[in-house]
Amino acid sequence: MTDHEDDLGPRVASFRELRGMSLRALAAAAGVSTSFLSQLENGRTNASVASLRKIAGALGVSPAELLDERAAHTRGVLRADRRPRLEGALGVEKFVLSLPPLRNLEVYAGEFAPGASTGAHPYTHGNAQEMFVVIDGTVVFELGGERFEMSRDDSIEFLSSVPHRIVNESDAEARVIWINSPPTPDEAHGA
């Protein structure tokens, strides 16, 4: 066994845990048995090239990344031009910064054109702890009937179950970040 093969199992386990996947979920996604995957993670067997490719694909990485000991603690860089874009209200662009599968938190970046808002009415989603941060510009954050004028580097923490709305009342673009923990259930996503 080479050094790379000795470390492959723990790296597979690390990537799997980073993605919040169970042993069974990864095995099913990769088309391998749970017992084979368990033996691989525990260093009791090796992976063929075909199995390595399947496991890497199910983890969303290349086989080379599975063999590279430096890569097991991160999902890598998400380039700005490759961020998934979410549909939002007119004048609002929202980008995913935390790729699924999500484990403990989700992060979004947003851009609000002058006059843009998350919608005509406040919305709720789940019951997560949420942090909203203004990166550039100014916005009005409405939360539970209160209005908060927020500027660059201002932040507010709240429960996502409280009705909230964001509007850019200025004549310049505003950039923001949302952070939710735990992740919002799929059926509850808002702007």
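So if we plug the beta-carbon distance of Asn46 and Ala172 into 1/(1 + (r/R0)^6) with R0 = 41 Å, what FRET efficiency do we get, rounded to 0.05? Computed FRET efficiency for Asn46 and Ala172 comes out at 0.10. In a fully extended conformation the segment linking Thr124 and Glu17 would gain 35.6 nm over its present Cα-Cα distance, using 0.36 nm per residue.
The modelled label-to-label distance between Leu97 and Val140, using points 7 Å beyond Cα along the C-beta direction, is 2.6 nm.
Among the trypsin sites (Lys or Arg not before Pro) within region 85-143, which fall in a DSSP loop and have no more than 16 other Cβ atoms within 10 Å of their own Cβ?
Those satisfying the criteria are Arg103.
Per residue, the accessible area of region 117-161 comes to 54 Å² when a 1.4 Å probe rolls over the protein heavy atoms.
The values are calculated or read from the model by the stated rules, or taken from the named source; none is laboratory data. If you're wondering where the values come from, they're calculated on a predicted model, not measured in any experiment. No Cβ is skipped: glycine too gets one built from the backbone with ideal geometry, and neighbour counts run over all protein chains shown. What goes into the accessible areas is simple: the full protein's heavy atoms, side chains included, and nothing from ligands, DNA or RNA. Shrake-Rupley method; radii C 1.70, N 1.55, O 1.52, S 1.80 Å.
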